[in-house]
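For reference, the structure discussed in these notes is given below.
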Amino acid sequence: MEFYDLPDEKILEICENLDDISLARFVQTSERNKAICNQVIIERNKLYNEYVDSLISDLQNNKFEKIKLNTTDKNREFLLYYAEEGLFFIVELLSSSSSFVLSELGYTSKSMAVGANIETIKRVLLDLLRHGYITI
């Protein structure tokens, strides 16, 4: 059986098991794949936005001084801080000689921290989620 002969349900199952980057590439391969998998993308985006909003809210409401984000790399750590009204920081810590993801994504120039307003920090967190550096 060729891939294009697969039933929609099987393609949807494949989409649900892909990471975000692979899923984004997969939906670009055909209109059919895009139509079948679009709901998976929408649901993930909703989940990610809800997660990011809850992190921001927890910090703003003084529930935590800082939040250690769940990572996919045991040699990398991300800490989220709420410094003052409207200013957040994400600090990236490495235990190996890897490069800083925050720099690779274009948020810093060879730095381990990003300090920004709420909208920028949300964008950074969503990028870290979508690229698989942090998890929910």
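Taken together, the values in this text are just the output of simple stated rules run on the coordinates, not laboratory data. Predicted, not measured: the structure shown is a model, and the values here were computed from it. When we count neighbours, we look across all protein chains shown, and the Cβ atoms used for this are built from the backbone with ideal geometry, even at glycine.
Within region 111-132, is even one residue acidic (D, E), in contact with a helix residue (DSSP H, G or I) (Cβ under 9 Å, 6 or more places away or on another chain) and exposed (fewer than 12 other Cβ atoms within 10 Å of the Cβ)? No, that holds for no residue. Comparison of S57, S22 shows that the only residue that is more than 15 Å from L125 (Cβ to Cβ), without any contact (Cβ under 8 Å) to a residue 60 or more places away in the chain and within 18 Å of the chain's Cα centre (by Cα) is S22. Of the residues making up region 46-89, those that are of a type in the set (A, V, I, L, M) and either within 18 Å of I134 (Cα to Cα) or exposed (fewer than 13 other Cβ atoms within 10 Å of the Cβ) (or both) are L47, V52, L55, I56, L59, I67, L69, L79, L80, A83.
Against the numbered list (1) in contact with a helix residue (DSSP H, G or I) (Cβ under 9 Å, 6 or more places away or on another chain); (2) under 16 Å from D127 (Cβ atoms), C15 comes up short only at (2). Quick one: which of E31, E43 is within 30 Å of K66 (Cβ to Cβ), surrounded by fewer than 14 Cβ atoms within 10 Å (Cβ to Cβ) and without any contact (Cβ under 8 Å) to a residue 24 or more places away in the chain? Going through E31, E43 in turn, just one is within 30 Å of K66 (Cβ to Cβ), surrounded by fewer than 14 Cβ atoms within 10 Å (Cβ to Cβ) and without any contact (Cβ under 8 Å) to a residue 24 or more places away in the chain: E43. Regarding L79, is this residue within 30 Å of E13 (Cβ to Cβ) and of a type in the set (A, V, I, L, M, F, W, C)? For L79, the condition - within 30 Å of E13 (Cβ to Cβ) and of a type in the set (A, V, I, L, M, F, W, C) - is not met.
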